[in-house]
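Following: one structure in structure tokens, then a few remarks.
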Protein chains: 2
Amino acid sequence: LHSGQDEAFVTSFNALHDFEMGQVYSGLPEQLRAVAWRLLDNETLATVFDNIDVDDEDIDDLLQEMPPQKAVQILRNMYADNEVDLLQEMPTRLVATYLSLMPKDEAEDIRKLINYEEQTAGSLMSIEYLAVEADLRVDEVMRLVKQQALEAEAINYVYVLDKQERLVGVISLRDLLTHPDDMLVSEITKDRIISVKAGDDQQDVAQIVADYNFISIPVTDDNDRLLGVITVDDIVDVIDEEAVEDYSGLAAVNVSQTDDTAWHSAIKRIPWLIALLLLGMSTATLISSFDGLVRKASILAVFISLITGTAGNAGTQALALAVRRLAVGSSNSAVKNFLSEILAGFLVGTATGFSVFLIVTFWKHNYQLGLAVGIAMAVAIMVANLAGYLIPELIDKLGMDPAVASGPFITTLSDLTSVLIYFNIAQLFISHFTGA
Amino acid sequence: LHSGQDEAFVTSFNALHDFEMGQVYSGLPEQLRAVAWRLLDNETLATVFDNIDVDDEDIDDLLQEMPPQKAVQILRNMYADNEVDLLQEMPTRLVATYLSLMPKDEAEDIRKLINYEEQTAGSLMSIEYLAVEADLRVDEVMRLVKQQALEAEAINYVYVLDKQERLVGVISLRDLLTHPDDMLVSEITKDRIISVKAGDDQQDVAQIVADYNFISIPVTDDNDRLLGVITVDDIVDVIDEEAVEDYSGLAAVNVSQTDDTAWHSAIKRIPWLIALLLLGMSTATLISSFDGLVRKASILAVFISLITGTAGNAGTQALALAVRRLAVGSSNSAVKNFLSEILAGFLVGTATGFSVFLIVTFWKHNYQLGLAVGIAMAVAIMVANLAGYLIPELIDKLGMDPAVASGPFITTLSDLTSVLIYFNIAQLFISHFTGA
């Protein structure tokens, strides 16, 4: 590349795997990239851009290094789903420029795709699929597959459409390969079609693809017209993305970037911590209002962190189970789940409360104190458990992602209720153990 | 099925998708299943068993409902990876019986697969792949593909082996379909092969398949001999499984089953809670030892939960980031990550500590108290942050899954250090604010 060995560069670049092309290209220094995109053909550059992760790199800058005419040629050679992802990262003005340089019908298709809401099936689908009519023979369909194989993102299924472009069947490539050339494809067409609607949530789509072990799944509009196809590689990304979201939620920190600088990392954590700190101040205020009680029995201070901590742990467990249940769906009714969680909370609270009653009674030789702490612990756990269950359910009902209810939020909230429960119960018992 | 409409049952059953066959079959009452397996052929029953989730159902019971001869026929028709998963769920004796009823070489293959450690590439691979030698023409390879397409689990790639069965190249089905019949396949063979070793960790394999957008990936032994192929549907399961593990770890509760009964659910949570409770007792003991201090300044009790709670939240954040970084790998050196985390902890601690200093100073009109709480908060956060970072690193170094370090464990541990820091710092300042 430096010494004018252009041909050697092109040959060795083309020998790379698609993913590696993306890695190598985006890793080149800018002045070398300026040479590289002049040497490589549009299809290869499209493959490069198809394989750079939109989230990881400044992929839009890479495209803007070229004149718009060149950039548009590359965009047009990309798979539509990746093209749309890339355009969505760009300023509206630039998108308009690029679209104006495309043929009208192509620009129209892309504009439609851009308009699908994020995290829906529509936003994941590509429009390069294989489709035929029903009244063909195996060899005729195979000829079409061979013609279209280069453009199609997934070649494992051929979709059968009726005159109204409605999806009426699916033929697998495997069946095409293993049946005689002169057979009518209608005999090997599956008409029990599993498809999703363009507006469906990506998580639901991922669940279906994972269950059915599909390589791709068709996307239709409300009239069953085929709009596009989602391939399993995008589903893999969805599953990963949703898992990272859930995990981030539980920890109250976005874990999607792990190689942040210390400064960026701190910036991500501080807002959450300060918000939780303010919520925690209400607990401090509450304890402050019980100052008289603590003065009378300083022993009460000993168990504050034990009760808040344990109730917080129980709340986190209930939260994690509830968020997960909402993500994967439940075969039980809502009422059954609710009662089951109440009962589980009762069992957990009772077992833990009883343990702590025994420990405190033997440690401080004071069973009234043990009773106060044990009962407070049991009630605090039941309440935290219920909150951990109900809050994500509530957030889900409001149409938001239940994963936004973080573990630290639940523990900080449960600190407040736990302290309230603890001091009120302690107040009832105080006359019995202050002598101790 | 009830009224002898056998043929109708078989027809409608065969029209189902593979996944649905598994669902329907395992959902039948036992006496109907006894009719069903007599009606369905071995290939269909193999598809049924290929599509029942080993973890979800009592799949081994379903097989034991049939005489061993029938069961073995079904096993032999299953994909080897699913067959092995199923056998691994069974008592050793039964496995021996089944293997003894298979042809010797087949039993030998299965025995080898069973011996791969769980969570390695070897345990995921199937041995039904397409392989050819290099010196063939496109049409000759296509003929082989057509012959083997029914048995192979993935047909998108054909592997090229040399005389020693070593993997030397990969041909994509797409390339086979789009090149002339009389071309030598060596011209469309990729020799830059991305493969994994049988002993590789499944999480690393999943990362490669996700990055490269592969439909399947070949598995070799240490001499590059092709052993099998892992398909993307198994990778989807791995990604899901690993995500559930990480999530469970962070919450200190196994979330893999969300439809447990209340009793089972409680049984899962209680051991963790009690273990954490015992750890929490050390914090209580520590506070108890500072009883004199609390008697002198009951105001100290007000900030216990604020400091432990906030430090715990910071520790959880650091933990989540560290676990995630270990899972996806980092492009930075260990030293750089360590220094970066120290610095991030310093920034987070200082910002939060300063906020709390301001709040307490204005609330209690006592800047010495504000200073004590603020400094204690800052130091407690830095320590919790460091623990959240170091503990998973340490567990990873010991060869265990860092996800076992749970959020609740970190918060409970950080309660202890936070209280220690808080009371020691408060002791230094006490003469300045007890008057207030």
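Would you point out the residue of region A:322-341, among those that are under 20 Å from the mean Cα position of the chain (by Cα) and without any contact (Cβ under 8 Å) to a residue 40 or more places away in the chain, that is surrounded by the fewest Cβ atoms within 10 Å (Cβ to Cβ)?
Applying the filter and picking the extreme gives A:S330.
Would you check if A:Q257 is in contact (Cβ under 8 Å) with a residue 60 or more places away in the chain and either assigned to a helix (DSSP H, G or I) or more than 7 Å from every other protein chain (Cβ to nearest Cβ) (or both)? Lay out the reasoning, then the answer.
Details: in contact (Cβ under 8 Å) with a residue 60 or more places away in the chain: no; either assigned to a helix (DSSP H, G or I) or more than 7 Å from every other protein chain (Cβ to nearest Cβ) (or both): yes.
Considered against the rule, which asks whether it is in contact (Cβ under 8 Å) with a residue 60 or more places away in the chain and either assigned to a helix (DSSP H, G or I) or more than 7 Å from every other protein chain (Cβ to nearest Cβ) (or both), A:Q257 comes out as no.
Test B:F19 against the criterion of being under 20 Å from B:E151 (Cα atoms), part of a helix (DSSP H, G or I) and touching a Phe, Trp or Tyr at 6+ places or on another chain (Cβ under 6 Å), and give yes or no. Write out each step before concluding.
On the way: under 20 Å from B:E151 (Cα atoms): yes; part of a helix (DSSP H, G or I): yes; touching a Phe, Trp or Tyr at 6+ places or on another chain (Cβ under 6 Å): yes.
Yes; evaluated as a whole, the condition is true for this residue.
Here is a check on your reading of the model: is A:R174 within 14 Å of chain B (Cβ to nearest Cβ) and either part of a helix (DSSP H, G or I) or closer than 27 Å to A:D240 by Cβ (or both)?
Considered against the rule, which asks whether it is within 14 Å of chain B (Cβ to nearest Cβ) and either part of a helix (DSSP H, G or I) or closer than 27 Å to A:D240 by Cβ (or both), A:R174 comes out as yes.
From A:A372, A:A314, A:A344, A:A284, which residue is more than 34 Å from the chain's Cα centre (by Cα), within 7 Å of chain B (Cβ to nearest Cβ) and either surrounded by 24 or more Cβ atoms within 10 Å (Cβ to Cβ) or modelled with pLDDT of 90 or more (or both)? Walk me through it before giving the result.
Details: A:A372 fails: within 7 Å of chain B (Cβ to nearest Cβ); A:A314 fails: more than 34 Å from the chain's Cα centre (by Cα); A:A344 fails: more than 34 Å from the chain's Cα centre (by Cα).
The match here is A:A284.
Just for region A:185-202: of the residues that are closer than 26 Å to B:S12 by Cα and among the acidic types (D, E), which one is modelled with the highest pLDDT?
Per the stated criteria, the residue is A:E187.
State whether one or more residues within region A:202-211 are touching a Leu at 6+ places or on another chain (Cβ under 9 Å), in contact (Cβ under 8 Å) with a residue 24 or more places away in the chain, more than 24 Å from B:V238 (Cβ to Cβ) and open to solvent by less than 30 Å² (accessible area, probe 1.4 Å).
Looking through region A:202-211, none of the residues is touching a Leu at 6+ places or on another chain (Cβ under 9 Å), in contact (Cβ under 8 Å) with a residue 24 or more places away in the chain, more than 24 Å from B:V238 (Cβ to Cβ) and open to solvent by less than 30 Å² (accessible area, probe 1.4 Å).
So that you can scan it fast, the table gives a plain yes or no per residue for (1) open to solvent by 40 Å² or more (accessible area, probe 1.4 Å); (2) within 27 Å of B:S282 (Cβ to Cβ); (3) assigned to a helix (DSSP H, G or I); (4) facing chain B (nearest Cβ under 8 Å):
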position	(1), (2), (3), (4)
A:H264	yes, no, yes, no
A:G280	no, yes, yes, yes
A:L293	no, yes, yes, no
A:L300	no, yes, yes, yes
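When the residues of region A:245-262 are filtered to those that are out of contact with any helix residue (DSSP H, G or I) (no Cβ under 6 Å at 6 or more places or on another chain) and farther than 13 Å from A:G407 by Cα, which remaining residue is surrounded by the fewest Cβ atoms within 10 Å (Cβ to Cβ)?
Looking at the filtered set, the residue picked out is A:T261.
Name every residue in region A:25-53 that is surrounded by fewer than 15 Cβ atoms within 10 Å (Cβ to Cβ) and within 21 Å of A:D233 (Cα to Cα), in order of residue number. Steps first, please.
Pass one, region A:25-53, residues surrounded by fewer than 15 Cβ atoms within 10 Å (Cβ to Cβ): A:27, A:29-32, A:34, A:38-39, A:41, A:43, A:53.
Within region A:25-53, A:E43, A:D53 meet the criteria.
Please state which of the following conditions B:D204 fails to meet, knowing it meets all the rest: (1) in contact with a Gly (Cβ under 9 Å, 6 or more places away or on another chain); (2) within 12 Å of another protein chain (Cβ to nearest Cβ); (3) within 23 Å of A:L16 (Cα to Cα); (4) assigned to a helix (DSSP H, G or I).
All conditions are met except number (2).
Name the residue, out of B:M183, B:M125, B:M142, that is closer than 25 Å to A:L150 by Cβ and touching a residue at least 40 places away in the same chain (Cβ under 8 Å). It would help to see each step written out before you state the result.
Numbers: B:M125 fails: closer than 25 Å to A:L150 by Cβ; B:M142 fails: touching a residue at least 40 places away in the same chain (Cβ under 8 Å).
After ruling out the rest, the residue left standing is B:M183.
Sort out which residues of region A:113-161 are in a helix (DSSP H, G or I), open to solvent by less than 20 Å² (accessible area, probe 1.4 Å) and of a type in the set (V, I, T), and write them in order of number.
Within region A:113-161, A:V138, A:V141, A:V145 qualify.
The values are calculated or read from the model by the stated rules, or taken from the named source; none is laboratory data. All values derive from a computational prediction rather than experimental measurement. Ideal geometry is used to build each Cβ from the backbone, glycine not excepted, and the neighbour counts take in all protein chains shown. Note: areas computed on protein heavy atoms with side chains; ligands, DNA, RNA excluded. Shrake-Rupley method; radii C 1.70, N 1.55, O 1.52, S 1.80 Å.
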